[in-house]
Each structure stands twice: as C-alpha cells, then as structure tokens.
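Comments concern the structure below.
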Amino acid sequence: MSGVVQKYGGSSVANAERILNVAGRVARRRATGEPMVVVVSAMGDTTDELIALARQVTERPADREMDLLLSTGEIISCTLLAMALRERGVPARSFTGAQAGILTDRSHGRARILGVEPARLQRCLNDGEVAIVAGFQGITPETDVTTLGRGGSDTTAVALAAALGARCCEIYTDVKGVYTCDPRIEPAARKLDVISYEEMLEMASQGSRVMHPRAVELCAIHGIPILVASSLVDAPGTMIQETSEMEPSNKVRGISHDIHIAKVTVVGTPDRPGIAAAIFRRLTEAGILVDAIVQNASVHSDATDLSFTVNSDDLLRAQDALNDQVLALGCRELLTNDSLGKVSIVGTGVLNTPGYASRMFGVLADAGINIELITTSEIRITCIIEQDRVPDAVRALHAAFQLDEG
C-alpha cells in the first residue's frame, strides 16, 4: 500500500456537518494521489445511546446480541462518509469489519484481532478508491460479529495499517494531540510534539483517552509511527514513535487519570497455596481485566484480605463471577467500592530514579488526598484514590512536576 490509514473518532463524525468536514479533509489528501484507508467510529454518543437502549430492555443483555447492536453505530458512520465522498466526486467504498477481513476471537465485548485478510481492501485501493472501514468490530470464525472494546476503532486502524504496509497511521480526534494531562482538568496542560511508544502505552493504559492502549502496542510491535491530531483545525499534532532522548531532565512526561475504578476485597481469604490462583482464574474466565492487586500478609492469623481493582463497568460481572466461589473457598465475604479513581505519573525512568515516588506521595498528602492502593511499572507510578479527588490530584501533580514548562 505505502499509503496512509486515517481514523476519525466519534466527535469528528458527530453529525452531518462534521462528516462533510471529514469528507473534505479526505478529498484534499486523496488529491495528492496517496492511497488511503479511513476508519471511523460511531457518531458522537451513539454507542452510549445504544447501550442505554439495550438496558431499557434487559439489565444483562446477551454479549452476542450486544455486539451486533453496537456494531451498527460504526456502519452508519462509514456509509455516510462514503456517500459524502462520492458526492464530492471522490470514488469511495464502505466496508464493515467483516467485509474488511478483520478476524477476531470469540470474546464478545472485548475481542482480540487474530488476523486481517485485506485482499478486498487492496482491490478497492487498486481500483483508485478510498476504502472506508467501520471501526471497533470484526468477525469470528463462526461469522458472529464481535466488538473490540471501547476505543477499538484505534485498534482497527493500526491492524489495517500493519496488514496493508501503510507508512503511517493517523488518529484524528477533537484535541490537537497528546497533552501532559487532560486539558479539560488542567488548562495549563501542554501539547507534546513527540512521545515514545512506551510512555504513550502507559498513559493510555492508565486512563488517557486519546489513544487505545492495544493500538499503541500494535504500532510499537510493527514499528508504525502514529500521528495524533485534530480533525477540526489544521495544526501540528503529536507523533508517537521511537525516541532517542537519552536522559530527559524531567522524567515525568505526563499525568494520566481514570475515574472508573472499583475495588474488590475478598475478606478472610485462607492463607494457603492455590486460593489466589482460583480467584483470578475465575475472573480470567469471565474476561475481566484486573489492575492493582494487594494482599495483606498474615502474621497472627491463618487468613488474609485480598484486594484488587477492576474497571467499574466490570464490577457486576466480577461479583457474579466470585460470589459463589468466595464462600466455597472458605473466604468470609466480598466487599466492593465503586467510588474510586486513579492518577499516574508517567515517564521513562521515573521508578529507577530516586525521589519521584516520595515526591508524588508527598504532593498527594499535602493536598489531603488519601492513597488506597499503589501500583508501578518501570515508567509509571499509579495511586488509587477517591474518585472525587482525582481532578485535584491531577492539577497538584501537574504543577509539582512543572509539566506546563517546555
């Protein structure tokens, strides 16, 4: 292909006017002769509206039916964009995820891409057409429709870029790039010109909504640079790529946050081998991702308390998965708290450089913010805190690490 794959988020195609704006952008780019594949999300709040509609019918909709329902949002967007391009005289053809050859596993709601068979898209490009693909979806070997989880259109775009040999993947949204933190919380947030795959992956995994973490991971694996830029204004964005800066003076590059965190505590867990394995095996079978894990050491008792966090949207499923097992394993009870959030400092080397952890904890303490749990990686330190204190934490940390300075 040696062209470009573009992705436009829900805010970029939120209504007819914005779809026409995207059509204009695509038409101008296509006039350069560069082959183009365009991936689109559902219009605006369509996905949320479809979820709300399903829950008016049933509290627990079947996963298979939910995927088929949610996939319609992106199909609407891609067909409308194809129509808008044709109206401008630009040959374009729309494709569902299945028609684009996106093959997934059977994990409804958060399917993983097993492979891409892009022959049909390649024929479209060879015919001089722009291929418009519905993001966020694929198809199982049994031809059931699946969705890739929230933000899955990013993953669709990157997977297609890798399969087609694109030179770049461009993600267009309603912000001008990747910022040092959410500018809606801290107006002094600064746009980054370049950020490494590793730093962007941590920021995305810890709550930054600009990029989906699986998409960043795929780009890193295949060495595909990503441009994140605005679809509403013409301005330089942020490049996500390999970086060569050896020892940056400020190792903190950004602050990520997430307000959709729930803590689950298994109280009175028998202190013997195999109990934790049984608990987390059940969660894995239910397709639930677990983040921070803390087990209190047993000193004067033969039981411990085991705590972990999940996305608040997964809390009911986690309870369903564990309620019966907790008693069967001899645990006392299951406690939950869905009013939590998390805040993270991210940057190459923060954990391996003295002072960053203590400085972060001190800033939160000075702001009167209690830390519930702590989790780390080589380039990240994350604190689980009360949900309503997350904005305060973001602003305090952004100022303390002087991220408003270039």
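Would you mind checking the tilt of helix 356-366 against the longest principal axis of the Cα atoms of the chain, expressed as 0 to 90 degrees and rounded to 10? Roughly 70 degrees between the two axes.
Taken over the chain, the alpha-carbon convex hull comes to 153 cubic angstrom per residue.
One way to sum up the overall shape of the stretch 112-218 is the equivalent ellipsoid from its Cα gyration tensor, whose semi-axes run 29, 16, 12 Å, largest first. Simple rule: put +1 on each Lys or Arg Cβ and -1 on each Asp or Glu Cβ in the stretch 45-88, find the dipole, and look at Ser71, Thr46, Ala82; the Cα lying farthest toward the positive end is Ala82. Pairs exceeding 29 Å between alpha-carbon atoms, taken from Lys7/Lys263; Lys191/Lys263; Lys191/Lys342: Lys7/Lys263; Lys191/Lys263. Take Val90: with every protein chain present and a 1.4 Å probe, its accessible area is about 20 Å². Just so you know, the Cα atoms of the stretch 210-294 work out to an Rg and Dmax of 19.8, 60 Å. In nm², what is the average projected area of the convex hull enclosing the Cα atoms of the stretch 102-173? The orientation-averaged projected area of the Cα hull of the stretch 102-173 comes to 5.0 nm². Pairwise Cα separations in the stretch 23-110 fall into 5 Å bins from 0 onward with the following percentages, short to long: 2, 12, 20, 19, 16, 12, 9, 6, 3, 1, 0. For the stretch 342-387, the pair-distance distribution built from all alpha carbon pairs, in bins 10 Å wide starting at 0, is 29, 57, 14 percent.
Of all aspartates and glutamates in the structure, the ones whose alpha carbon falls short of 20 Å from that of Lys251, not counting any fewer than 8 places away in one chain, are Asp182, Glu186, Asp193, Glu198, Glu199, Glu202, Glu242, Glu378, Asp404, Glu405. The share of accessible area on the stretch 190-284 that comes from carbon and sulfur is 54 percent, using a 1.4 angstrom probe.
Counting only protein chain heavy atoms and rolling a 1.4 Å probe, the accessible areas of Asp291, Asp338, Asp154 rank, largest first, as Asp338, Asp291, Asp154.
Our note on the geometry: Cα centres of the stretch 1-71 and the stretch 90-118, 13 Å apart.
Return the percentage of antiparallel bridges among DSSP beta bridges fully within the chain, rounded to the nearest 5 %. In the chain, approximately 60 percent of DSSP beta bridges are antiparallel ones. Only protein heavy atoms count here; under a 1.4 Å probe, Phe361 has an accessible surface of about 60 Å².
Axis of helix 315-328 versus longest Cα principal axis of the chain: the two differ by about 40°, to the nearest ten degrees. Solvent-accessible surface of protein heavy atoms, probed at 1.4 angstrom with all chains present, puts Glu49, Glu17 in the order Glu17, Glu49, largest first.
If Arg389, Arg272 are ordered by their accessible area, calculated over protein heavy atoms with a 1.4 Å probe, which sequence runs from highest to lowest?
Sorted descending by solvent-accessible area, the residues read Arg272, Arg389.
Taking 0.36 nm per residue of separation and subtracting the Cα-Cα distance, full extension of the segment from Arg272 to Asp305 would add 10.6 nm.
Per residue, the Cα convex hull of the stretch 299-364 amounts to 169 Å³.
If you average the sequence gap of Cα pairs under 8 Å that are 6 or more apart and divide by the length of the stretch 194-287, what percent do you get for the contact order?
Working: 75 pairs, mean separation 27.8, N = 94.
It rounds to 30 percent for the stretch 194-287.
Between Leu334 and Ile293, the contour length at 0.36 nm per residue exceeds the Cα-Cα span by 13.3 nm. Below 11 angstrom from the Cβ of Asp182, what's the summed charge of the other residues (Lys, Arg +1; Asp, Glu -1)? Combined, the nearby Lys, Arg, Asp and Glu give +1.
Amide H to amide H, with H built 1.01 Å from N, Ile381 comes under 5 Å of Ile345, counting only residues 5 or more places away or on other chains. Rounded to the nearest 10 degrees, the angle from helix 275-285 to the longest Cα principal axis of the chain is 20 degrees. Across the chain, Cα pairs under 8 Å and at least six residues apart give a relative contact order of 14 percent.
The values are calculated or read from the model by the stated rules, or taken from the named source; none is laboratory data. What you are looking at is a predicted structure, and each value in this text was computed from that prediction instead of being measured. Heads up, the Cβs are rebuilt from the backbone with ideal geometry, glycines too, and the neighbour counts pull from every protein chain shown. These area figures cover heavy atoms from the full protein model, side chains too; ligands, DNA and RNA do not enter into them. Shrake-Rupley method; radii C 1.70, N 1.55, O 1.52, S 1.80 Å.
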